Amino acid sequence: MKTPYYITTAIAYASGRPHIGNVYEIILADAIARFRRMQGYDVFFQTGTDEHGQKIAQKAADANVTPKEYVDTIQQQIESIFQLVNISYDKFIRTTDPDHQERVQKIFTRLIDQGDIYKGFYEGLYCVPDESFYSETQLIDGKCPDCGREVIPMKEDAYFFNLKKYQQQLIDHIQANPEFIQPESRKNEMMKNFLEAGLEDLCVSRTSFDWGVQVVSDPAHVVYVWIDALSNYITGLGYDVDGQHGELYKRYWPADVHLIGKDILRFHTIYWPSMLLALGAELPKQIFGHPWLMSAEGKMSKSVGNTLYTEDLVQLFGVDAVRYFVLRETPFASDGTISIEMMVERINTDLANTSGNLLHRTISMVHQYFAGVIPVMTQINDLDLEVHTLVLQTSQQVFRSMDKLKVSEAIQAIQATLRRTNKYIDETEPWKLIKQGNEEAAKTVLYTILETVRQMSVLLLPFMPTTAQTILDQLKTSHRDFASLATFGQLESQAVEPSEPIYQRFDLAEIQAKFAALHAPLRETKPEITIDQFSALDMVVGKVLACEKHPSADRLLVSQIDLGSGDVRQIVSGIADHVTPEAFVGSHVAVVANMKPITLRGVESYGMILAASIDNELEVLVAKLPPGAKIS
């Protein structure tokens, strides 16, 4: 029977479109989940969306839709992005799911009944975007310490969770389980700044908005995010406070790892475990606070304008290249950095020059010298053996790194071996061995390279699933699992097709131009208007009765236009470069009839002819309806 392995991400807040810094977490979790599956674990991988709160209610109101309509749209957008980058989750939970809400209500009621939640009031300085209260001393320059926005004074009745009651029990657990909070620096931060400094009871309800899960015994209150969102990790498995747990909960809880951003570490390492202690539930085995993926200008922010979006990057570079970059460039305990320039450099260096070129040039030699059939090793020298040993050591190094969730370190080990194998080609020069008549040595070299590529591709399957499968398909090998990495020499000797490089080199200037085009505005926009402002325009169809060139302006035409009911206007228009007077006569055109009369170069004009233009092209808007027909 397989060993269960339960991994979760923080559920994404459904307030807007996530950028690549947000999506990094789900790619990281997916790589870990895929790796564990290949190791033989029974993996359950859960992610989802946090869909309640004042911020979402406000955004829905601004969009003139209901909160549920708003989060439905955002949730679909988030899930489609996850699918775009090939995420293999087993469950996508939403905090608006009826079964989740019912279980949250039962949890809240149980905690009230046993005295862990009590009613009081909260007074403080409130940040609406973060939905958090702060004291004066916590503010930075009088503003929210987390997002830097304005805070407002607020007082409201609220329910509180008795956090202090579980402080020492939590400290004891952390000290007895050194791997509970990772990396080590995050554990030290939580212990020093919060647990050892002393905890305050936690506000767990709100009355200032109603978009959330109602408290059953007090419907004026909604359950706040600390219980509503955090409890998804067990409600998604079928947790029940009465002990009637679903099969998934019995099978997978406690979680092996909660994968979260370092900015929400306090909520997951203090609030969440304390609630579980109050419920008498086991604590998760590990909470990993991963670093951020930053832009070259710092933390990504829409207001700063330095955000990079997943969809754009995938369009420019492809799914697996994006996955590779974010996993490779974000270390275990320090922030990673991403930019278009860095992506071009990394993809060209690692994927085009190293792994892609290695496979392509070797298969080309197999076709040139051995009729397209992967040769069999017949003799092995010390240099060959050095590479064989390195390959087997790399697998073990990758397994050790992944056991500690050091994904970037694992990928770098794979790349180092591929670079060494490129050097091995230059050292052995198989084309010279063939010319010298040393065909058996050349066979060993080419086989060694392709077996190395096979093993490294198997290791890359969790990180670059499509690319790695494509390479293994080119090698026509059936040995694609971790068991095939135990010995060197599993690649079958058989015919392979000529191959094209898996990755072509990207030209930086070309990619920058494509990226700029993705973000270039389609047109210059003007300030928004209301329906009343639009209705103030009197637009009608007019028939051109006569047209001649302006007597003193080459680019102007003077037209006599019938607007119906005997209303004939003289209109001067700057369309002479695009329309001839003779061809214009008889046209039915769109006219703004209530423009104030003006004089253009000595000729009176009363009205405006509508036209569309792009670059240097202009076309007058024409209609088939009779003069006087209203345009609306």
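The values are calculated or read from the model by the stated rules, or taken from the named source; none is laboratory data. Since this is a predicted model, take the numbers as computed values, not measurements. Glycine also receives a Cβ, built like all others from the backbone with ideal geometry; neighbour counts cover every protein chain displayed.
If Asp72 satisfies all but one of (1) among the charged types (D, E, K, R); (2) out of contact with any Ser or Thr (no Cβ under 9 Å at 6 or more places or on another chain); (3) without any contact (Cβ under 8 Å) to a residue 24 or more places away in the chain, what's the number of the condition it fails?
Among (1) among the charged types (D, E, K, R); (2) out of contact with any Ser or Thr (no Cβ under 9 Å at 6 or more places or on another chain); (3) without any contact (Cβ under 8 Å) to a residue 24 or more places away in the chain, the lone unmet condition for Asp72 is (2).
Answer yes or no as to whether Arg206 is buried (at least 16 other Cβ atoms within 10 Å of the Cβ) and among the charged types (D, E, K, R).
Taking the combined requirement at face value, the residue satisfies it.
Quick check: is even one residue across region 41-64 farther than 24 Å from Ser231 by Cα, at pLDDT 95 or above and in contact with a strand residue (DSSP E or B) (Cβ under 9 Å, 6 or more places away or on another chain)?
Yes, because at least one residue in region 41-64 is farther than 24 Å from Ser231 by Cα, at pLDDT 95 or above and in contact with a strand residue (DSSP E or B) (Cβ under 9 Å, 6 or more places away or on another chain).
Considering only residues that are surrounded by 21 or more Cβ atoms within 10 Å (Cβ to Cβ) and β-branched (Val, Ile, Thr), look in region 458-495 and name the one that is farthest from the chain's Cα centre (by Cα).
It comes out as Thr477.
Just checking, how many residues over region 132-153 are outside any loop (DSSP other than H, G, I, E, B) and at pLDDT 85 or above?
Of the residues in region 132-153, 4 are outside any loop (DSSP other than H, G, I, E, B) and at pLDDT 85 or above.
If only one of Lys299, Lys262, Lys250, Lys285 is at pLDDT 95 or above, basic (Lys, Arg) and closer than 24 Å to Ser185 by Cα, which one is it?
The match here is Lys285.
Of everything in region 132-176, what is farther than 18 Å from Phe194 by Cα, of a type outside the set (A, V, I, L, M, F, W, C) and touching a residue at least 40 places away in the same chain (Cβ under 8 Å)? Give them in sequence order.
Within region 132-176, Glu156, Asp157, Tyr159 qualify.
Looking only at residues in region 175-198 that are hydrophobic (A, V, I, L, M, F, W, C) and surrounded by fewer than 20 Cβ atoms within 10 Å (Cβ to Cβ), which one is nearest to Pro67 (Cα to Cα)?
In this case the residue turns out to be Phe194.
Being of a type in the set (Phe, Trp, Tyr) and assigned to a helix (DSSP H, G or I), is that true of even one residue in region 173-190?
no
Looking only at residues that are touching a Lys or Arg at 6+ places or on another chain (Cβ under 6 Å) and of a type outside the set (Phe, Trp, Tyr) in region 221-237, which one is nearest to Met275 (Cα to Cα)?
Thr235
Go through region 317-337 and give me each residue that's more than 19 Å from Leu259 (Cβ to Cβ), of a type outside the set (D, E, K, R) and in contact (Cβ under 8 Å) with a residue 24 or more places away in the chain.
Phe317, Val319, Ala321, Thr337
Could you check Leu405 against (1) more than 23 Å from Gln39 (Cβ to Cβ); (2) modelled with pLDDT of 95 or more; (3) in a loop (DSSP other than H, G, I, E, B) and say which number it fails?
Exception for Leu405: condition (1).
Consider Leu459 against the criteria (1) assigned by TED's automatic domain parsing to the domain that holds Arg361; (2) out of contact with any Ser or Thr (no Cβ under 8 Å at 6 or more places or on another chain); (3) among the hydrophobic types (A, V, I, L, M, F, W, C): it satisfies all of them except one. Which criterion is unmet?
(2)
On the basis of being loosely packed, with under 10 Cβ neighbours inside 10 Å and either among the aliphatic types (A, V, I, L, M) or under 30 Å from Thr477 (Cβ atoms) (or both), does Ile571 make the cut?
Taking the combined requirement at face value, the residue does not satisfy it.
Does at least one position in region 620-632 carry a residue that is within 30 Å of Met343 (Cα to Cα) and in a loop (DSSP other than H, G, I, E, B)?
No, because not a single residue in region 620-632 is within 30 Å of Met343 (Cα to Cα) and in a loop (DSSP other than H, G, I, E, B).
For region 225-241, give me each residue that is out of contact with any Phe, Trp or Tyr (no Cβ under 6 Å at 6 or more places or on another chain) and modelled with pLDDT under 95.
Within region 225-241, Val225 is the sole residue that qualifies.
State all residues of region 206-240 that are over 28 Å from the mean Cα position of the chain (by Cα) and hydroxyl-bearing (Ser, Thr, Tyr); if no residue qualifies, say none.
The answer is Thr207, Ser208, Ser217, Tyr239.
Could you tell me whether any residue of region 515-526 is in contact (Cβ under 8 Å) with a residue 24 or more places away in the chain, closer than 30 Å to Asn353 by Cα and surrounded by 14 or more Cβ atoms within 10 Å (Cβ to Cβ)?
Yes.
Could you please find all residues in region 599-619 being assigned to a loop (DSSP other than H, G, I, E, B) and either over 11 Å from Ile561 (Cβ atoms) or in contact with a Ser or Thr (Cβ under 9 Å, 6 or more places away or on another chain) (or both)?
Those that are assigned to a loop (DSSP other than H, G, I, E, B) and either over 11 Å from Ile561 (Cβ atoms) or in contact with a Ser or Thr (Cβ under 9 Å, 6 or more places away or on another chain) (or both): Arg601, Gly602, Leu610, Asp615, Asn616.
For region 328-382: of the residues being within 17 Å of Gln415 (Cβ to Cβ) and acidic (Asp, Glu), which is surrounded by the fewest Cβ atoms within 10 Å (Cβ to Cβ)?
Glu345
I need a count of the residues in region 587-598 that are over 25 Å from Pro626 (Cβ atoms) and either modelled with pLDDT under 90 or not in a strand (DSSP E or B) (or both).
1
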